[in-house]
Amino acid sequence: MLKRTIENFLDPKYLEEILASFSKATGLYIEAVNRKGETLAILGNKCRSDFCQFIRSHSKGEKKCIESYKEATLEAAKWNEPYFFRCHAGLVIWAVPIIVDNVFLGSIICGQVLLWKPDEFFLRQIKKSNSALDFDTLQQKVKNLCIASPEQSQAAADMLFVVVNHLVKRTIHTLEEEHAYHLQRLQIKADLESRKKKNSAQFTDYATYLKNERRFLSYIRLGDKTRAESTLKNLLTDLLTKTAGDKATLKSRILELASLSSRAAVEGGADAEQVMVKLQDFNNEIDNIERIEEFFFKVHKVIAEFLDGIFKLADKKHLSLVNNARNFIMENYQKPLTLKATADHLFISPSHLSRLFRLELDCTFNDYLTRVRVEKAVELMKKPEFSVEQVSKAIGFKSQSYFAEVFRKYIGVTPLVYKNSLF
């Protein structure tokens, strides 16, 4: 079992599984050691060679092995690459450092081989450096040592370095997600506490939730990331309150919300194939989740990806300009807004702004303005006190007949038919 210094960062089970496979594939002995050179775990089913076990059977031999492992581990960490060395008993070994998030944990030791057949000089050297051990026995055990070429040793070291880096990257990703889950948990707690302090009864039934959900989906269709994310946070808190934290119900509602969001993203202009792939990945991920904060984190993440698909810009300057234009439209849609007025607000030419809308949002300025107005009309139509004429004026249409024509184009029915269907 690995000690806590590495357990806190690396999953011992996954470490054993991956590195044991490496050991089986190469036939090499492999172990994990800490920064002091002390063995934490022997990985795989390959034991130390009889030669090494015999060397370590004496306390002085054991101490020398630990000291050589410590020195090699420190050198590997210094250069952040495999470090080859000869131990005091003459075997060739290499150490691959384990560094996670700038924290040096130890290394993976591999090798314990010879690069050539043992000769008289080698035997004299090990006799001299291990005088406390019976030389005849030692000489017999030398015959069973593995001999690997320099090329094979280098290739094995390079492969091990790649494997360890994979383990480290996987661990860093896990740590980052755990940190995100922790922040999500704190956010959930803060939202619930805030509602308690306000004695909030904002969400008492699913009718209220569905109303907020429709607003949220309209923000997605418009590619309004800021408002969509803000509304999503409230929706998830509503769900948590209404379901009383029941995981099965919460999971069902979140899956439904993600599915609706994917369709809204496609309607907003995101690529349907990419959206469906992301949705399927999300469904697979959430299937095995148990913690509520993970539910919330994952749905936030996938919806952010949907929104990125609607509004995907490579040029940061363009991103800022189009974002500002969209925000200006959202705040002034009810006015007689024009391309020139919006361009003047941004201090750019109308032709440049028009080109940005076509290039980045795949629509004209007027298309986007109309889409915003229709979405707002749908919201207002749900209020009984607003007539169709009042809605038309409230969203910036001077002509009710033109409003009816545009509304029917986007929604499929006239404003009056739509409003009558609601009550």
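The values are calculated or read from the model by the stated rules, or taken from the named source; none is laboratory data. Source: prediction; values computed, not measured. Positions of Cβ are backbone-derived with ideal geometry, glycine not excepted, and every protein chain shown enters the neighbour counts. What goes into the accessible areas is simple: the full protein's heavy atoms, side chains included, and nothing from ligands, DNA or RNA. Shrake-Rupley method; radii C 1.70, N 1.55, O 1.52, S 1.80 Å.
Return one quarter of the surface area of the convex hull spanned by the alpha-carbon atoms of the stretch 283-423, equal to its mean projected area, in nm². If you can, show how the numbers build up before the last one.
On the way: hull surface 46.2 nm².
That works out to 11.5 nm².
Rounded to the nearest 0.05, what FRET efficiency do K233 and A20 have when you use their Cβ-Cβ distance and R0 = 35 Å?
The computed FRET efficiency comes out at 0.20.
Quick one: with all protein chains in place, what share of the accessible area of the stretch 268-423 is carbon or sulfur, to the nearest percent (1.4 Å probe)?
Exposed carbon and sulfur together represent 51 percent of the surface.
Just the accessible area per residue of the chain, please: how many Å² with a 1.4 Å probe?
On the way: 22670 Å² over 423 residues.
Heavy-atom SASA per residue in the chain reads 54 Å².
What does the convex hull of the Cα atoms come to per residue for the chain, in Å³?
Here the figure is 194 Å³ per residue.
Please work out, to two decimal places, the log10 of the ratio I(q)/I(0) at q = 0.13 Å⁻¹ from a Debye calculation in which every Cα of the stretch 313-382 carries one identical scatterer.
The Debye formula, applied to the Cα set alone, gives -0.35.
Calculated FRET efficiency, Y402 and I147, Cβ-Cβ r, R0 60 Å, to nearest 0.05?
Once rounded, the FRET efficiency stands at 0.10.
Would you mind calculating the gained length between R291 and E81 on full extension (0.36 nm times residue separation, minus the Cα-Cα distance), in nm to one decimal?
Length difference between fully extended and current span is 71.8 nm.
Residue separation times 0.36 nm, minus the C-alpha to C-alpha distance between V162 and N283: what's the value?
Details: separation 121, 0.36 × 121 = 43.56 nm, distance 3.08 nm.
Gain on stretching V162 to N283: 40.5 nm.
In the stretch 324-423, if the dipole is taken from +1 on Lys/Arg beta carbons and -1 on Asp/Glu beta carbons about the Cα centre, which of T364, H352, A404 is farthest to the positive end?
After comparing all options, I get A404.
Going by alpha carbons, how many degrees (0 to 90, nearest 10) lie between the helix axis of 12-26 and the longest principal axis of the chain?
60 degrees
So if I take the alpha carbon set of the stretch 135-176, get Rg, then get Rh from the Kirkwood formula, what is the Rg over Rh ratio? Could you put the intermediate results ahead of the total?
Details: Rg = 17.8 Å, Rh = 13.2 Å.
Using only Cα positions, Rg/Rh for the stretch 135-176 is 1.35.
Less than 21 Å apart at the alpha-carbon level, and either on another chain or at least 8 residues along: which lysines does that give for K189?
Reachable lysines: K197, K198, K233, K242, K247, K251, K298, K301.
Using only alpha carbon pairs under 8 Å that are at least six residues apart, calculate the relative contact order of the chain and give it in whole percent.
9 percent
Just name one of A258, N420, S49: the one whose Cα is farthest towards the positive end of the charge dipole of the chain (beta-carbon charges, Lys/Arg +1, Asp/Glu -1).
Value: N420.
Mean separation of Cα pairs under 8 Å and 6+ residues apart, divided by the residue count of the stretch 113-266: what relative contact order is that in percent?
The value is 18 percent.
Report, largest value first, the span of the C-alpha coordinates of the stretch 90-199 along each principal axis, in whole Å.
Each principal axis gives a Cα extent; for the stretch 90-199 these are 87, 33, 20 Å.
Which listed residue (T237, V168, T338) has the Cα farthest towards the positive end of the charge dipole for the chain, taking +1 on Lys and Arg C-beta and -1 on Asp and Glu C-beta about the Cα centre?
Working it through, the farthest residue towards the positive pole turns out to be T338.
What is the distance, in nm, between label points placed 7 Å from the Cα along the Cα-to-Cβ direction at R170 and at S320?
Each label point lies 7 Å from its Cα, and together they span 4.2 nm.
Please pull out the direction-averaged projected area of the stretch 162-308, using the convex hull of its alpha-carbon atoms, in nm² to one decimal place.
9.6 nm²
Per residue of the stretch 408-420, what does 6.51 cos²θ - 1.76 cosθ + 1.60 with θ = phi - 60° give for ³J(HN,Hα)? Whole Hz please, x for Gly and Pro, Karplus curve as stated.
Karplus-based 3J(HN,Hα) across the stretch 408-420 equals 5, 4, 8, 9, x, 9, 6, x, 5, 4, 4, 5, 5 Hz.
With axes computed from alpha carbons, what is the tilt in degrees of helix 150-197 against the longest principal axis of the chain, rounded to the nearest 10 within 0 to 90?
It is inclined by approximately 40 degrees.
With only Lys, Arg, Asp and Glu charged, each at its Cβ (+1 for the first two, -1 for the last two), find how big the charge dipole of the stretch 31-152 is about the Cα centre; round to the nearest 20 debye.
Dipole of the stretch 31-152, to the nearest 20 debye: 320 debye.
With labels modelled as points extended 7 Å from the Cα through the Cβ direction, what inter-label distance (nm, one decimal) is found for A244 paired with A190?
Going from the A244 label point to the A190 one covers 2.9 nm.
Probe radius 1.4 Å, ligands and nucleic acids ignored: give me the carbon and sulfur share of the accessible area of the stretch 113-264 as a rounded percent.
53 percent
In the chain, which longest range has no GluC sites (Glu not before Pro) that are both DSSP loop (not H, G, I, E or B) and surrounded by at most 11 other Cβ atoms within 10 Å?
Of all site-free stretches, the longest is 1-289.
From zero up to wherever the largest Cα-Cα distance of the stretch 213-279 sits, split into 10 Å bins and tell me the percent of pairs in each.
21, 48, 27, 4
Measure off 7 Å from each Cα along the Cα-to-Cβ vector at S252 and L422, then give the distance between these two points in nanometres to one decimal.
If labels sit at S252 and L422, their model points lie 2.8 nm apart.
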